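Down below is the structure, laid out as structure tokens.
The values are calculated or read from the model by the stated rules, or taken from the named source; none is laboratory data. Every value quoted in this text rests on a predicted model; they were computed, and no experiment measured them. Every residue, glycine as well, gets a Cβ built from its backbone with ideal geometry; the counts of neighbours run over all protein chains shown. These accessible areas exclude ligands, DNA and RNA; they are computed on the full protein's heavy atoms, side chains included. Shrake-Rupley method; radii C 1.70, N 1.55, O 1.52, S 1.80 Å.
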Amino acid sequence: MGQSQVEAMPPERIRYRLTRLQRLLPVLPAIVVMAFQVLFWLDGGPVGPVFAALLMWGVLLPAALITSRLFGVTLTPSAAIVHNLRRRTIPWSNVQAIQIESLFGSRTVVIYEAGGRRTRLRAPITGFLSWDRSFEEKFHTIGRWWLDHRGPDWAPVPPPGARWGGPLASDGNPYAPPA
């Protein structure tokens, strides 16, 4: 059987965000604290701290959940659009490398630009408590998207401050982080 034309067409955009569990884990301690305060109140404790905590967390929790939903990256044919607190567009022709880096036990995708700027993506990310089963697949999709859309005029550019005849990093990638 052949594929339909809809299945054969590559998508125009791909969006990666934090998983539901990754968005919920940072606010989980606040939910537990609120539950304990309500239990303390039900046991005969004062009502003032409970209302203050519920009011504070009632505003902060939804804001944290909504804000964390915005983080991620959108892949388009012309650029990677990074969604953090501020949105930034990185043209594929300006990207020099895409790698996985570890930081505090979490693995993240990092985009290296021709000017030497590094952009660590907030999503996809994986770690001990914030596991993403499809992290490797997402990383390879981002890398493949860059290779497919960087354009025929793309050429590697040495990082700023590197000498033309200088030694490369151990894996041959001049944009690799220092060992």
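In whole Å, what are the Cα extents of region 71-144 along the three principal axes, biggest one first?
Result, largest extent first: 34, 23, 22 Å.
For every other residue with a beta carbon closer than 10 angstrom to the beta carbon of residue 16, add +1 if it is Lys or Arg and -1 if Asp or Glu, then tell me the sum. Numbers along the way, then the final one.
Working: positive: 15, 17, 122, 138; negative: 132.
For residues surrounding residue 16, the net value is +3.
Which whole number in µm²/s is D for region 8-100 by Stokes-Einstein, with the Kirkwood Rh taken over Cα pairs at 20 °C and 1.002 mPa s? Write out the running numbers ahead of the final one.
Working: Rh = 16.4 Å.
Stokes-Einstein gives a translational diffusion coefficient of 130 µm²/s.
Could you work out how far apart the two model spin labels at residue 106 and residue 55 are, taking each label as a point 7 Å from the Cα in the direction of the beta carbon, and quote it in nm?
3.2 nm
First compute the accessible area of region 20-161 with a 1.4 Å probe, then give the percent of it belonging to carbon and sulfur atoms. Each step should come with its number before you reach the end.
Values: 5580 of 8510 Å².
Carbon with sulfur: 66 percent of the solvent-accessible area.
Would you list 132, 153, 148 from the most to the least accessible area, probe 1.4 Å? Write down the numbers at each step before the final one.
On the way: 132 10, 153 145, 148 100 Å².
Highest to lowest solvent-accessible surface, that is 153, 148, 132.
For residue 131 and residue 78 in the same chain, what is the full-extension length gain: residue separation times 0.36 nm, less their Cα-Cα distance, in nm? Working shown, then result.
Details: separation 53, 0.36 × 53 = 19.08 nm, distance 2.97 nm.
So the extension gain works out to 16.1 nm.
Can you list the trypsin sites (Lys or Arg not before Pro) in region 80-113 that are in a DSSP coil and have 16 or fewer other beta carbons within 10 angstrom?
Numbers: sites: 86, 87, 88, 107; in loops: 86.
Qualifying residues, ordered by number: 86.
Cβ under 14 Å from residue 27's Cβ, residue 27 left aside: what net charge do those residues give with Lys, Arg +1 and Asp, Glu -1?
Numbers: positive: 20, 23, 69; negative: none.
Net local charge, residue 27 excluded: +3.
On a C-alpha basis, how far is the centre of region 51-82 from the centre of region 87-166 in Å? Whole number, if you could?
22 Å
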